[in-house]
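Notes follow once the structure below has been shown.
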Amino acid sequence: QITTLINHKDKPKRSDKTLQAIQRVGQAVNLAVGRFVTVGEAIANENHELKEEMSVACIEARRAGETIAKLTDVTSLDHPESDRHITIFTDKTGVVKAARLLLSSVTKVLVLADRIVIKQIITSRNKVLATMEQLEKVSSFQEFVQIFSQFGNEMVEFAHLTGDRQNDLKDEKKKARMAASRAVLEKCTMMLLTASKTCLRHPDCESARLNKDGVFHRMRLALEQVIEIVTDSRPNGDNDMAPISIYSGIKEFKNKVEGLRENLYFLSKENLSTMLEVILEHTEDFTDSAYTSHEHREHILELSKQAKMELEQLVSVWMQAQNQKTKDVMEDLEVAILKTCQCMNELKREVHSAATSLAADLLKYHTDHMVLKALKITGVEGNLEAVAEYTCKLSEQKEQLVEMCRLLRHVSGTEPLEITCIHAEDTFQVTGPQIISAAETLALHPSSKIAKENLEVFCEAWESQLSDMSMLLREINDVFEGRRGEKRVYLSLPRPGKHNANLKALKPVKLDTEEQAKIAKLGLELHLLTSDVDSETEKWEDQENEIVQHGQGMSSMAYSMYLFTRGEGLLKTTQDLFHQAEIFATEGTKLASALHAFSDQVHGDDKPLLLLEAEKLISMCRQLQITAKASVQGKSATFTKVDACILKTRNVMTLLCQLLPLCCKLLKKHKAGNGCIKPAPPWREDKMQTGANAHTPEQRAEAFGIKSLENHVTNMTFLESK
């Protein structure tokens, strides 16, 4: 609006329409400033230490807004008495000055508000730490119950504050680190409860004490990391930053190599050689690993050797090109660049295959959780010898999973996924020994219900992390195959009513626990259908086929809607869900168009059948769009609309499960060939933003278990009565 005012053209003749438009813009700016300042003043009243600075900035902003409104009050220019009235036409400099003052004061308000948010999070963290110290020293069960109730309330407050902050972070790396830290805090809250109870019941048990100390230590580290992210500081410097991965190393190396086409002198040959050496050093993580297959190891070593040779050839031609830029030499340079990049792509593909195949095998092998089951049984039996045997097996399993995480980190493809791999590695490293100490405690006290409950909690954390690894593996494969991009939708919404300001604003609605429970069955059905659709799309030989790509996009969006029913994922509010449903329906309509195009290649009785299914799809998508766009008011009506959107999405996915195998069969039957359907256009940004990465582990972790924490606090009444 301000830019429109400043850039308006001074014309001798001004129509009434122009004058009215200018006045409307000025009034709109003034009203917007008024609303903004009201929030700023409310924040100032709640925070006395910054009240003066905030109030001054708000006064400046309000004054600037009023000045702009006065200078744009131009509707009375036709009247003679208004000749002396100063306006935007007589004093454009005044508008520019007012605009500058407005922008600087608004920025000042935002910076001050940000400082307040950071202070709130630090204060909340300090409260949690102080209560944790009390919990560590407590000696009676009754006292523990009282303090833990307070601790639960403080953790809920911390969860809300850090959740809002995480939504507002624009740096994807910080967002992923914050999600990981908050996931640790969520899981550790329950662990802290059972570990502390066990320690209180068995105060002389060394393994129980070690178990409890481990939980407290991990929570403190997670709290510290949250503060590091919020304040953008690292007390120990950058030494603990994650080392470079093979993927990011190859990406940077290829960029430098391809840059030689534009500039032969922008880097030295030593720089390129060093970059390649670093990449090849990292491949040793694969070749030295006991879990890498012989075949993968040999291929990686061969490609590493080839990469060195290709670089030598490239450097030779590159040096020659610096001396004489003949056509032949430049052609040789182009060939050398292409061969070097091709070799690096093959190396990247090989390490990806090695890491993901190992991960798939390990996750499949450990799905039965036999070692955990055996530990629970032998613990209850009090069989110390058998517990010792199975703890050795769990330690071996832990080493395998830690190695898997390290290798997956190299091929994760994006920084958020890389951070998720590091978080998973840490979780296995820490949880393994904690399960062992919990099992030893149970074996020493086999009749203890609290010790048994404690072991269950730690085993559940292990199983949960294994489940998360399956999701992470799927996400890494999706990024590698180009089904999902790095960019994700930004869903942090303004919340102007948050500071008790009397403002009218559209509040984003979330499902409460009861509503989530009601819709859980429908969500689960949707989840199963996405798996079926993914299985069907994987059967197609041509993954670039337009039908396949639309199917994959719809599956990705449906999966994000399933996550919403669980209170997880990127879709945070009902409004986000309705928007996703609209885009899902649009994607379904595009799939129907692709089916119509494909029907031209089909002959006989099959064609009417295919067209009938396409028409069904169009009708269902149209109904879904109407439902998603319908306006509703009230909690009950909103939930009914959510239920209807999920139900209609499920119906579309059911039809998609029938359509994909039918099309695949017809494609083979009629031998339409690769050219029968045009390749899909590049994966567009709008699709990528709505469907992409809807279920990355760091996003799943975003929904820090506020409800579960609140449930802990509620359950304390029952615990106290026991």
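The values are calculated or read from the model by the stated rules, or taken from the named source; none is laboratory data. Bear in mind the structure is a predicted one, so any value in this text is a computation, not a measurement. When we count neighbours, we look across all protein chains shown, and the Cβ atoms used for this are built from the backbone with ideal geometry, even at glycine. Ligands, DNA and RNA are stripped out before the accessible areas are found, and what is left, the full protein with its side chains, is counted by its heavy atoms. Shrake-Rupley method; radii C 1.70, N 1.55, O 1.52, S 1.80 Å.
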- Message: Defining a contact as two alpha carbons under 8 Å apart and six or more residues distant in sequence, what relative contact order in percent does segment 93-212 show?
- Response: 20
- Message: What translational diffusion coefficient, to the nearest whole µm²/s, does segment 121-204 have by Stokes-Einstein, given a Kirkwood radius computed over alpha-carbon pairs, a temperature of 20 °C and 1.002 mPa s viscosity?
- Response: 154
- Note on the structure: Whole-Å distance linking the alpha carbon centroid of segment 38-71 with that of segment 601-626 is 58
- Message: Order M620, M54 by their accessible area, 1.4 angstrom probe, all chains in place, largest first.
- Response: M620, M54
- Task: With a 1.4 Å probe and every protein chain left in place, tell me how much accessible area D600 has, in Å² to the nearest 10.
- Result: 100
- Item | Lys, Arg +1 and Asp, Glu -1 on Cβ, resulting dipole of segment 540-640 about Cα centre, debye, nearest 20 | 760
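What number, in percent, do you get for the relative contact order of segment 246-356 if the mean sequence gap of Cα pairs under 8 Å and at least 6 apart is divided by its residue count? Spell out each step's value before the answer.
On the way: 77 pairs, mean separation 40.1, N = 111.
Relative CO of segment 246-356 lands at 36 percent.
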- What length, rounded to one decimal in nm, is gained on full extension from V335 through to N126, with 0.36 nm per residue of separation minus their alpha-carbon distance? 69.2 nm
- Item | Charge context of L103, other residues only, Cβ under 12 angstrom, K/R +1, D/E -1 | +2
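Mind checking the dipole of segment 360-481: about its Cα centre, +1 per Lys or Arg Cβ, -1 per Asp or Glu Cβ, Debye to the nearest 20?
Numbers: 10 positive and 21 negative charges, 67 e Å.
So the magnitude is around 320 debye.
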- Task: Consider all pairwise Cα distances in segment 513-671 and report the whole-number % of them above 24 Å.
- Result: 33
- Task: Could you pull the Cα extents of segment 360-481 along its three principal axes, largest to smallest, in whole Å?
- Result: 51, 23, 18
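By the scheme Lys and Arg +1, Asp and Glu -1, what is the net charge of all other residues having a beta-carbon under 9 Å from that of L522? Could the numbers behind the result be given before it?
Numbers: positive: K518, K521, R650; negative: E525, D643.
Surrounding charge for L522 is +1.
With Cβ to Cβ distances under 9 Å as the rule, what net charge do the other residues near I450 carry (K, R +1; D, E -1)?
On the way: positive: K197, R201, K449, K452; negative: E453.
It works out to a net charge of +3.
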- With every protein chain kept in place and a 1.4 Å probe, segment 563-643 has an accessible area per residue in Å² of 46
